[in-house]
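**Student:** My questions will all concern the structure given below.
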Amino acid sequence: MKIHPEKFLRSHLSVSIAIIVVLILSGTAGYMLLESLTPLDALYHTVITISTVGFSDIATKNETRIFTIILLLLSVASFYYFAGAIAETLIAGRLFEVLKLRRMEDALEKVQDHVILCGYGDVGTLLAEKIEEVVVVEKNDARYAELVKEGAPMRQR
């Protein structure tokens, strides 16, 4: 099964954003319950905790201190998850593959008066050499990856 890098990157970014939103919402609710803060004050304290600025401490109870420690650890872990996803994408060359696929999609949009060639096996290869404007549709993952590297205008089925 082929993993599309754009979907991979999008899924990691979506998970990262979801984690941050959950941390902000749960942090705000936690500070409102534990310290009877207004929603704005609780949100403010959550943001300065998550961002590790934390220049003011409102904790009057041990429960609030424990809650702040947990919130801080989870927010740092979520940052590392996000940074790791970005680094993995860059190191594995997935970002460049995403950009290459996007350029290929743009090229496909501009193609007119072309032949659609289904399959790039032995016969398909010979036919593609004889036809000027050709778009290849390929279901074989290995051949598809090979054609993407060559920059051939194509779609995977």
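**Student:** Grab the alpha carbons of the stretch 20-68, take their convex hull, and tell me the volume per residue in Å³. Don't jump to the answer; show the numbers that get you there.
**Tutor:** Values: hull volume 3.1 nm³, N = 49.
Hull volume normalised by residue count: 64 Å³.
**Student:** Follow-up question, since we're still on this one. Would you mind telling me the share, in percent, of accessible area of the stretch 14-87 contributed by carbon and sulfur at probe 1.4 angstrom? Let's see the in-between values first.
**Tutor:** Numbers: 3500 of 4530 Å².
With neighbouring chains kept in place, the figure for the stretch 14-87 is 77 percent.
**Student:** A follow-up question, please. Using label points projected 7 Å from each Cα along Cα→Cβ, tell me how many nm separate residue 66 and residue 26, to one decimal.
**Tutor:** 1.5
The values are calculated or read from the model by the stated rules, or taken from the named source; none is laboratory data. The structure presented is a predicted model; accordingly, all values stated were derived computationally and were not measured. Backbone-built Cβ (ideal geometry, glycine too); neighbour counts: all protein chains shown. For the accessible areas, the whole protein counts, side chains as well, though only heavy atoms, and no ligand, DNA or RNA atoms are used. Shrake-Rupley method; radii C 1.70, N 1.55, O 1.52, S 1.80 Å.
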